[in-house]
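Here's the structure, in structure tokens; my notes come after.
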Amino acid sequence: MAQERPPTILQIYRDTVKPGREAAFKAVEEDAARICAELRFPHSHLAIESLSGPTEVWWLNAFESEEDRQRVADDYGKNPALKEALEGITRRKEGLTEAPVNVYATYRAELSRGASWKVAGARFFVVTISAGDSRMEGAVFEAPDGTRFVFRPFATRPQADAVAAAAGRDTRVFAVRPCWGMPAPEWIAADPVFWKPNPMARVREEP
């Protein structure tokens, strides 16, 4: 996995799926991925799902600046068909999830160390939620309330499990879900077999 530059801003949108509603949630999000590909959602985003504890799906959107984030919001507003279709997705998710949590976190380079941010080729992320001030292994993003999210990418489950076990109770393993989200072209190119289920991979194959 080639080193990537961490984004300045990371949007972390957290869905907690209600027990017994996982299959329905999966079907809705597969439709959402198809809509994003067909109607050209203006920004790549990643879906990761917790492998322990309550079922959480995090949607990660990376931005280079506040201006970049606003540009994406403006482009989304200019696509009424996309907006209407995704509003329908939101209505279909009612009753499937708890109230979502949406956070915009800022990259803290001075607190980060090691292999900080690699999405292309990553199939798992080890995520630590911390309020401490010390430097930590991984990419550290800080929310406005001071909560810190530390991300470490891995290509295999055994690697991720080993690191998470050593990191402590505030750490969880998340799996990248290729059927959901909207992968960037470089993510697909780095791991085409993994991303093949995603509608964006099929769009790229079309002449």
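Taking interchain pairs and intrachain pairs at least six residues apart, which have beta carbon atoms under 7 angstrom, with the first residue in the range 90-109 and closer than 23 Å to Gly20 by Cα and the second in a strand (DSSP E or B) and not acidic (Asp, Glu)?
From residues that are closer than 23 Å to Gly20 by Cα, the pairs are Leu96/Val17; Thr97/Thr16; Thr97/Val17; Glu98/Thr16; Pro100/Tyr13; Pro100/Arg14; Val101/Arg14.
Trp187 passes all but one of (1) within 24 Å of Ser52 (Cβ to Cβ); (2) within 15 Å of the chain's Cα centre (by Cα); which number fails?
It is condition (1) that Trp187 fails.
Show the residue pairs meeting these rules: Cβ distance below 8 Å; 6+ apart or different chains; first residue within the range 48-60 and closer than 23 Å to Ile9 by Cβ; second residue assigned to a loop (DSSP other than H, G, I, E, B).
From the range 48-60, the pairs are Ile48/Arg177; Glu49/Thr55; Glu49/Arg177; Val57/Arg177; Val57/Trp180; Trp59/Gly181.
Which residue is surrounded by the most Cβ atoms within 10 Å (Cβ to Cβ), if the candidates are limited to the range 68-96 and must be more than 21 Å from Arg40 (Cβ to Cβ), out of contact with any helix residue (DSSP H, G or I) (no Cβ under 7 Å at 6 or more places or on another chain) and not small (Gly, Ala, Ser)?
Arg91
Within the range 115-130, is even one residue over 20 Å from the mean Cα position of the chain (by Cα), surrounded by fewer than 16 Cβ atoms within 10 Å (Cβ to Cβ), modelled with pLDDT under 95 and not aromatic (Phe, Trp, Tyr)?
At the first step, the residues of the range 115-130 found to be over 20 Å from the mean Cα position of the chain (by Cα) are none.
Checked the range 115-130: no residue is over 20 Å from the mean Cα position of the chain (by Cα), surrounded by fewer than 16 Cβ atoms within 10 Å (Cβ to Cβ), modelled with pLDDT under 95 and not aromatic (Phe, Trp, Tyr).
Residues in the range 22-36 that are in contact with a Lys or Arg (Cβ under 9 Å, 6 or more places away or on another chain) and either among the acidic types (Asp, Glu) or at pLDDT below 95 (or both): how many?
2
Looking only at the range 163-195, which residues are of a type in the set (Lys, Arg) and surrounded by 18 or more Cβ atoms within 10 Å (Cβ to Cβ)?
Passing the criteria: Arg172, Arg177.
Is it true that some residue in the range 39-54 is within 18 Å of Gly88 (Cα to Cα), more than 17 Å from the chain's Cα centre (by Cα), part of a helix (DSSP H, G or I) and not aliphatic (A, V, I, L, M)?
Within the range 39-54, not a single residue is within 18 Å of Gly88 (Cα to Cα), more than 17 Å from the chain's Cα centre (by Cα), part of a helix (DSSP H, G or I) and not aliphatic (A, V, I, L, M).
Taking Leu51, is it closer than 30 Å to Ala109 by Cα and surrounded by fewer than 17 Cβ atoms within 10 Å (Cβ to Cβ)?
For Leu51, the condition - closer than 30 Å to Ala109 by Cα and surrounded by fewer than 17 Cβ atoms within 10 Å (Cβ to Cβ) - is met.
Do we have Arg113 as touching a residue at least 24 places away in the same chain (Cβ under 8 Å), touching a helix residue (DSSP H, G or I) at 6+ places or on another chain (Cβ under 7 Å), among the basic types (Lys, Arg) and over 17 Å from Pro54 (Cβ atoms) here?
Here the answer is no, as Arg113 does not meet what is asked.
The values are calculated or read from the model by the stated rules, or taken from the named source; none is laboratory data. Computed from a predicted structure; not experimentally measured. As a convention, Cβ positions derive from the backbone with ideal geometry for all residues, glycine included, and neighbour counts pool all protein chains shown.
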